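Structure first, commentary second.
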Amino acid sequence: MREETKKDAYEVDVLIVGYGAAGANAAIAAHDAGARVLILEKLSAGGGNSAVCAGAMVVPENLDAAIAYYRALAGGTVGEEMILAFAEAMMGIPDLLSRLGVEYKIEPSIPPTFPSLASGRLKQMHISPTGENGFRLLDRMVRQRNIEILPDTRVQALIQHPETGEVLGARARHRGQDLQLLARQGVVLACGGYGCNPEMLANFNLPGATDYIFPWGSPGNTGDGIVLASEAGAALWHMNALEWGRFCARAPSRQFGTAIGYGLGLTRRAGSYMFVNRRGSRFMAEDGLLSHCKSQLDILRYDHDKARFANLPAFMVFDHAHLANGPIAPTAAMLRKKRGGVVGYALVNRIYDWSADNQAEIAAGWVMQADSLAALADRIGAPAEVLEETVRQFNLGCRERHDHQFGRSASTLASLGAPPYFAVELGLSLVNTQGGPKRNVHGQVLDHRDAVIPRLYAAGELGSFFGFLYQIGSNYPEAWAFGQIAGARAAAEPRL
Ligand SMILES: Cc1cc2nc3c(=O)[nH]c(=O)nc-3n(C[C@H](O)[C@H](O)[C@H](O)COP(=O)(O)OP(=O)(O)OC[C@H]3O[C@@H](n4cnc5c(N)ncnc54)[C@H](O)[C@@H]3O)c2cc1C
């Protein structure tokens, strides 16, 4: 990212808060409409979730079918005008990419996430194997336009006209210095969700469980946009909607503050491993759906009578054969080979890569080892007789090629054999949040009476379209499309 001259006051036309896909697109659109644009990014490098995402853009081919599908997904959380605008924007993604000169690959026909709600199939587009290259491309477009970017700049408050409520700029903190930034046309909040804000997660979504939840995305996404927009009078929407990822390893995830060992247990679906709860009992089919799952997750089942989470803490338990068979969580090398790149903040930023033989994690104590099931039960705090019985039942199911308890697919079943045995505590990873300021089809932020807060815009996962069910591969193209819409509209505001 370019270093810019340090001034304590700036005046531009359009101010963009946050430099991910929504911010970059808003900046490009506003610039191309003739505005002088400044991008403010809290971290020392831009990218946000956009630069660590999988880069999948899943878009419809038929407008009428798309409208019906998005209406069903929304479940009453957005109005008809927004459903139509969203469907059109998603349909328009190929044209948008072509207009920007971005090359892409298309996988023409893929099943929707909720086939029973859709009348057709969808197409999946990839600009690159991962979001990392996609963001490089956006960054290049921003640089080619000489759009100013100010890194290490956290916007802390919006400046609003005391009578009209018009948003006139922002106050920010830049490397120990207070900045006042004036926007003659508008401010676009593109500063992501609150996946890295445990207090917001606890209050909006998961009281009591945030100690077990770890973001898979950028540490910059701490819900600042929710505070900024709320202070300006915005209504919030879609605060209920979260996108779950897969299991990760709890101990290193706590240590590094980000999901480590993402995909734990699913490196190879087949194998002599199981997930057990605090009692040493299985609680789910190990090959069951977690990512973007909208059913209540078994691991988060709350036991009213005991006033605690029935299945937390939870562990992956496995035998030596499974350990010897390769890494129990995907490594960067495996992902590069399989999909051409890595995904998630920890791997993209080389924070921690699981070892190929699991030995580093044993040495760190994240993977516990014991010579008997009784000793392993002791390590995880479960009754020995329960864990032993759980393994006996599981092994019986493996022999019969039928998991009577949870229906794990037969092809993945393998009995736990001879000791030593191993356990790793599970964390649950979070892909991103959807909640944020309510906005209209132009990206204008609305107050509690649905009136536009003048000159304030929002785009991307901060107040996304999705308030109920989520079609996988939608947040990323949404950030592109609605970043463009918000940026262009802000640049059309009369200059103050
Ligand atoms: C691992 C992962 C995989 C994913 N895979 C996919 C996928 O394949 N397809 C898909 O559709 N979606 C995917 N998603 C979701 C998608 O990537 C995001 O929802 C989308 O990219 C969000 O873009 P954004 O521009 O709104 O936010 P971000 O890209 O997160 O950018 C927000 C930026 O704002 C900055 N910021 C925050 N607060 C401030 C402040 N106060 N001042 C200044 N700057 C601030 C942050 O540091 C950050 O850089 C994935 C997400 C993750 C984490």
Quick one: with all protein chains in place, what share of the accessible area of the chain is carbon or sulfur, to the nearest percent (1.4 Å probe)? 50 percent
Is there a pair in K123/K294; K42/K438; K42/K337; K105/K438 whose C-alpha atoms are over 26 Å apart, and which pairs would that be? K42/K337; K105/K438
Could you work out the relative contact order of segment 33-101, using alpha carbon pairs under 8 angstrom and six or more residues apart, expressed as a whole percent? 33 percent
How far apart, in nm, are the 7 Å Cα→Cβ label points at L297 and I351? 1.6 nm
Within segment 1-98, DSSP-loop chymotrypsin sites (Phe, Trp or Tyr not before Pro) with at most 12 other C-beta atoms within 10 Å are none
Quick query: amide H of Q160 versus all other amide H atoms, modeled in the peptide plane; which residues come in under 5 Å with a sequence gap of 5 or more or a different chain? L168
Taking alpha-carbon centroids only, segment 47-85 lies from segment 393-457 a number of Å equal to 20 Å
How many angstrom separate the Cα center of segment 302-347 from the Cα center of segment 103-130? 27 Å
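Could you do me a favour and compute the accessible area per residue for the chain, 1.4 Å probe, result in Å²?
Ligands and nucleic acids excluded, the result is 40 Å² per residue.
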Ignoring everything except DSSP H segments at least 4 long, calculate the 222 nm mean residue ellipticity for the chain; use -39,500 (n - 2.57) per segment, divide by total residues, nearest 500. -8500 deg cm²/dmol
Indicate the helices, whole DSSP H runs only, in the chain that combine a mean Kyte-Doolittle hydropathy of -1.0 or more with a Cα extent along their long axis of 18 angstrom or more. 131-144, 384-400, 475-491
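The values are calculated or read from the model by the stated rules, or taken from the named source; none is laboratory data. These numbers were taken from a predicted model, which means no experiment stands behind them. Here the Cβ is made from the backbone with ideal geometry for all residues, glycine too, and neighbour counts use every protein chain on show. What goes into the accessible areas is simple: the full protein's heavy atoms, side chains included, and nothing from ligands, DNA or RNA. Shrake-Rupley method; radii C 1.70, N 1.55, O 1.52, S 1.80 Å.
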